[in-house]
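One structure is given below, encoded as structure tokens.
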Amino acid sequence: MDNKRKISFFIIISTILILIFIFSGLNSNNKYYFLSKRIPKVIAIIITGVSIAFSSMVFQTITNNRILTPSILGLDSLYIFIQTFIIFVLGSGHIIVTNNNLNFILSGSLMIFFSALVYKFLFKKNQNDILFLLLAGLILGSLFQSLSSFMQMLIDPNEFLHVQDIMFASFNNINVKVLWISSLLVFILTIYTYKYTEILDVLSLGKEQSINLGINYDDIVKRMLIVVSLLISVSTALVGPITFLGLLVVNLAREFLSTFKHRYLMAVSGLISIVALLGGQLLVERVFNFSTPISVIINFIGGLYFIYLLIKENKI
Amino acid sequence: MKKSYLVLILVILSLASIFFGVKEISLSDILQLNEKEVQIVVLSRIPRLVSIIVAGMGMSISGLIMQQISQNKFVSPTTAATVDSAKLGILVSLILFTSSSSFQKMIISFIFAVAGTLLFMQILKKVKFKNTIFIPIVGIMLGNIIDSITTFIAYRFDLVQNISSWLQGDFSMVIKGRYELLYISIPLVFISFLYANKFTVAGMGEDFSANLGLNYDRIVNLGVIIVALISAVVIITVGRIPFLGIIIPNIVKLFHGDNMKETIGYTALLGAVFLLFCDILGRIIIYPYEISISLTVGVIGSFIFLHLLVRRGING
Amino acid sequence: MIEVKEIVKQYGDKNVVDNLSMKIMKGKITSFIGPNGAGKSTLLSMISRLIPKTSGEIFIEGKEIGEWDDNELAKTISILKQSNYINIRLTVRELVSFGRFPYSQGKINREDIKYVDKAIEYMQLRSMQHKYLEELSGGQRQRAYIAMVLAQDTEYILLDEPLNNLDMKHSVEIMKILRGLVDKLGKTVIIVIHDINFASWYSDYIVALKNGKIVKNDKTNQIIDEKVLKQIYDLDFRIQDIESNKICAYF
């Protein structure tokens, strides 16, 4: 199969899954209720899937590494910290917790603000060492983790259930208004990233080759990092953190396609991501009866796959 | 920085730690053998002091050993998957043997810690791009992945908050009869002192060690076992203490270079002093309540770590 | 012409390249020589804008390097570093095609294909053009990278220790290719090189560096001189003429 066939193959699979997801068990009585629940869910899955896949692909290319995920920028931990903090201080009944719109805007903009701050500081100090930025992100992430888990310990167990809900991504309560905003944002960012696919191909040759071929490396990397943080912020604020989905789908895409071309890699990783989320959500609803959140399942599978990858690969 | 100063500071802090607390105790109480006060000191204050000193020394030395054998100054039990594997071990022991004693928990979590650390060392061999910053990133990623497996299992068994509070480093729960397991670290610390020279040689690489007639693998394995055992014991009795293993050895190295025989004594002392200081701080800040040691060390440690990182960046 | 004016590169408190000025002639091979830590690679990287300079000016074709459009500059000057570790699986042809990026921005047209074919042909890589880079030997891989730079079709070609890790046969092969680039295709080649005899045999000009400064910048036969070399390397040299080229023995 050539690359275009492979893409068509994944388009067909994801379409079938979407149809199953929307129409299975539908009859004239429950039609309106189910459709009003399921369609937003599917849209949310597509948005999240695409933004996680794209951000991870771009992130791996600019860091020139196959085993990293943008969650190490510390945004996931920040999100959990924000949510825990709100519940800890204001209680789970407060409007910021219950009103999805407000929560989305608040946590989304705080994450974007945080990354802007970190980039600004680090790019100044240490102009272009991305790895430095990553380790700093990890340290800050673990700082947020320390803070969150301290509050989680103090929160009473009933309130903790709310925190636990937020700690794991879920597609079960999607707010339609929030969905519109994030669809629009992700759509714009996707178009924007697609303009850079050829440049990303060159970036995968490494920094020196990119400069040699006339790319303004520092500028492009900064732009791409901002795109990555925006995508991650939107998807995290929408459904919550799914740390290892990106790692999983990007590497699967690389295995399926033997190409370096981002135009194909990104399309396929986006589609695999949608398939994985839909499949996962079907599992959650039909097999686990909503007892296990989708992110826990996906992180588990992603984690196992990753360890397999580490052991299998000869060089990293 | 002289050793005698450190010892002096340690003694002062120790006395402060014994006499300071929610229940004020004065020297005269002890001298007059007031039964109640003496009891508090014997049952609670002294165990707390001893466990802090032992944990502080143990974790810092673990970090030092990890840094020697991985030849990377930002590697420590928290950045090499050791701690996360130990955590997985605790969870497994909680599920398999619901009423397991601390000792059983320790054995299982020790086995997991050894396995996780060895996995990391194995992966390290494959890393082609031996960048000082990249290696700890790989370690933290691996730790996160093991953590996602832990979360999956914990979620299935409804143990998420349980595990989270279990690992919140906290010395306030340390009372007589619940911390004695920590004593296992003491002989390990002694062994580390005896083998300090060999770890230094092993730190210069496999070929270099072989040239000097040293069995490299054996020394590395010994190091991993010491580190894993100390980490498992500390996690079970006290909880997770982030970054201690990185910042203490690095601060000592700034003054005393890389010869482990030289630095190990300072590392042990400074580790104990630092942890004791953080503990007392945690008890003062929101007196009469306590901030957990994970949080105080987490916050102070993050900033010191970031500082060390920026410093490294500037010095090339 | 490339002209470097009072250029400085500072790491910490140390000037790795220290207030250095020179001109590099068009249509010639210029070699940078000197002991370790002389600043040769740093200088080369600054000329090719891989690393920023601390102060000073670099003029390429009369225009300061910072004023060049990145893409236009990539059509004028190309650089090959000694460590070319690439993280992705590429065939020789795919690698060489990347050389056309400054012209086509990734959308290869017929004109680009012609250049790619010519570069592959010139470097005698036709039979292995669909092989993956990791399947090649060190010498073949080096040729593939040079082919990429050829496809880039720049006036100036800079190479940082191109003979690194190559055996004698492959080293000679690469040096002959570089000579050919100048003599047959009219390119300007600038290399950092350690082997003094290769420098002597193949280059037109030599820039001798030490401690970030130029010791001497002149025609090759002016530099290959017992006194000059002793000054650069603190070693004793004996020099003999073989086929009107100077060859050194050192001990």
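Using 0.36 nm per residue of separation minus the Cα-Cα distance, give me the extension gain between A:ILE20 and A:SER291 in nm, one decimal. Walk me through the intermediate numbers first.
Working: separation 271, 0.36 × 271 = 97.56 nm, distance 2.12 nm.
Gain on stretching A:ILE20 to A:SER291: 95.4 nm.
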Rounded to the nearest Å, the spacing of the alpha-carbon centers of the range C:188-210 and the range C:88-141 is 27
Here the net charge surrounding B:LEU212, from other residues whose Cβ is less than 14 Å away from its Cβ (Lys, Arg +1; Asp, Glu -1), is 0
Hull surface divided by four, with the convex hull built on the Cα atoms of chain A: how many nm²? 17.4
Quick check: the angle from helix B:82-96's long axis to the longest principal axis of chain B, C-alpha only, nearest 10 degrees? 60
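State the percentage of accessible surface on the range C:8-58 attributable to carbon and sulfur atoms; use a 1.4 Å probe and exclude ligands, DNA and RNA. Write down the numbers at each step before the final one.
Working: 950 of 2070 Å².
Of all accessible area on the range C:8-58, carbon and sulfur atoms account for 46 percent.
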Bin by bin, in steps of 10 Å, what percent of the Cα pairs in the protein assembly as shown do you find, going until the bin that has the longest distance? 2, 11, 19, 21, 19, 14, 9, 4, 1, 0, 0
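Ignoring ligands, DNA and RNA, how do C:LEU181, B:LEU222 rank by accessible area with a 1.4 Å probe, largest first? Present the calculation step by step, with values, prior to reporting the outcome.
On the way: C:LEU181 0, B:LEU222 45 Å².
Ranked from most to least accessible, the order is B:LEU222, C:LEU181.
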Pairs on different chains or at least eight residues apart, Cα atoms closer than 26 Å: how many lysine pairs in the range A:111-222 fit? 10
Here the equivalent ellipsoid of chain B, derived from its Cα gyration tensor, has semi-axes (largest first, whole Å) of 32, 24, 18
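Averaging sequence separations of C-alpha pairs under 8 Å and six or more residues apart, then dividing by the length of chain B, give the relative contact order as a whole percent. Please list the in-between numbers first.
Details: 449 pairs, mean separation 94.9, N = 316.
It rounds to 30 percent for chain B.
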Candidate residues B:MET121, A:MET57, C:MET168, A:MET153: accessible-area rank, largest first, probe 1.4 Å: C:MET168, A:MET153, B:MET121, A:MET57
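Residues with beta-carbon under 11 Å from that of C:TYR122, excluding C:TYR122: net charge, scoring Lys, Arg +1 and Asp, Glu -1?
Working: positive: C:LYS118, C:ARG126, C:ARG143, C:LYS184; negative: C:ASP117, C:GLU121.
In short, +2.
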At R0 = 22 Å, FRET efficiency that the Cβ-Cβ distance of A:ARG66 and A:ARG263 yields, to 0.05: 0.75
Kindly report, to the nearest 10 Å², the accessible surface of C:VAL172 as traced by a 1.4 Å probe over protein heavy atoms only. 50
Taking R0 as 35 Å, what FRET efficiency do you get between C:PHE251 and B:ARG218 from their Cβ-Cβ distance, rounded to the nearest 0.05? 0.20
Run the quick spin-label model on A:PHE85 and B:ASN131: label points 7 Å from Cα toward the beta carbon, then report their separation in nm to one decimal. 3.0
Straight-line reach from C:LYS23: which lysines have a Cα under 21 Å away, not including same-chain ones fewer than 8 places off? C:LYS5, C:LYS9, C:LYS40, C:LYS53, C:LYS63, C:LYS75, C:LYS187, C:LYS210, C:LYS213, C:LYS216, C:LYS219
Between B:ASN162 and B:PHE303, what length comes free when the chain is fully extended (0.36 nm per residue of separation minus the Cα-Cα distance, one decimal in nm)? 47.9 nm
Quick calc: nm separation of the 7 Å Cα→Cβ label points for A:ARG5 and C:ASP69 -> 4.2
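Based solely on its DSSP helices, what 222 nm [θ] is calculated for the protein assembly as shown when runs of n ≥ 4 H residues each add -39,500 (n - 2.57) and the sum is averaged over all residues, nearest 500 deg cm²/dmol? It would help to have the intermediate numbers written out before the result.
Details: 38 runs with 561 residues, N = 883.
Calculated mean residue ellipticity at 222 nm is -20500 deg cm²/dmol.
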For C:TRP201, solvent-accessible area (1.4 Å; no DNA, RNA or ligand), Å²: 90
As an exercise, use a Förster radius of 56 Å and the Cβ-Cβ distance of A:ILE226 and C:ARG238 to find the FRET efficiency, rounded to the nearest 0.05. 0.40
Restricting to lysine pairs 8 or more places apart or on different chains, what number in the range B:3-315 have Cα atoms under 19 Å apart? 17
Neighbouring partner chain Cβ atoms per residue of A:87-94, average, 10 Å criterion: 0
Could you give me the ³J(HN,Hα) list for the range A:220-227, computed from phi with Karplus coefficients 6.51, -1.76, 1.60 and θ = phi - 60°, whole Hz, x at Gly and Pro? 4, 4, 4, 4, 5, 4, 5, 4
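Sorting B:MET204, C:MET22 by accessible area (1.4 Å probe), largest first, what list results? If you can, show how the numbers build up before the last one.
Details: B:MET204 105, C:MET22 15 Å².
Correct descending sequence by accessible area is B:MET204, C:MET22.
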Ignoring ligands and nucleic acids, C:LYS230 exposes an accessible area, probe 1.4 Å, in Å² to the nearest 10, of 100
At 7 Å along Cα-to-Cβ for each site, give me the label-to-label distance between C:ASP167 and B:SER4 in nm. 6.5
Which whole number gives the average count of other chain Cβ atoms within 10 Å of the Cβ atoms across peptide B:147-157? 5
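Report the net charge of residues surrounding A:THR243, where surrounding means a beta-carbon distance below 12 angstrom and charges are Lys +1, Arg +1, Asp -1, Glu -1.
Values: positive: none; negative: A:ASP76, B:ASP147.
With Lys, Arg at +1 and Asp, Glu at -1, the neighbours total -2.
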Specify the inter-centroid distance of the range B:247-289 and the range B:47-112, based on alpha-carbon positions, in whole Å. 18
Taking each residue of C:11-18 in turn, how many C-beta atoms of other protein chains fall within 10 Å of its C-beta, and what is the average? 1
Of B:ALA196, B:ALA16, B:ALA232, the most mobile residue in a GNM of chain B (C-alpha springs, cutoff 10 Å) is B:ALA16
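Just subtract the alpha-carbon distance of C:ASN197 and C:LYS176 from 0.36 nm times their residue separation and send over the number in nm, one decimal. Let's see the in-between values first.
Values: separation 21, 0.36 × 21 = 7.56 nm, distance 1.37 nm.
Contour length minus Cα-Cα distance gives 6.2 nm.
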Say we join alpha carbon atoms closer than 10 Å with springs in a Gaussian network model of chain B; which of B:ILE235, B:ILE219, B:ILE12 then has the biggest fluctuation? B:ILE12
Roughly how many Å² is the accessible area per residue of the range C:83-153, as a whole number, for a 1.4 Å probe? 48
Both in Å, the radius of gyration and Dmax of the C-alpha trace of the range C:83-153 are 11.1, 31
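Using only Cα atoms, what is the ratio of the radius of gyration of the range B:142-287 to 2.2 N^0.38 Å?
Numbers: Rg = 18.1 Å, N = 146, 2.2 N^0.38 = 14.6 Å.
Against the compact-globule rule of thumb, the ratio is 1.24.
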Distance between Cα centroids, the range A:200-269 to the range A:22-56: provide it in whole Å. 26
On the first, second and third principal axes, largest extent first, how far apart are the outermost C-alpha atoms of chain C in Å? 53, 42, 31
Given a 10 angstrom Cα cut-off, can you work out which residue in A:ILE220, A:ILE297, A:ILE188 is the most mobile in a GNM of chain A? A:ILE188
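The values are calculated or read from the model by the stated rules, or taken from the named source; none is laboratory data. Worth saying up front: this structure is predicted, and the values here are computed from it rather than measured. Cβ sites come from the backbone with ideal geometry, for glycine too, and all protein chains shown count toward neighbours. Areas reflect the complete protein model, heavy atoms only, side chains present, ligands, DNA and RNA absent. Shrake-Rupley method; radii C 1.70, N 1.55, O 1.52, S 1.80 Å.
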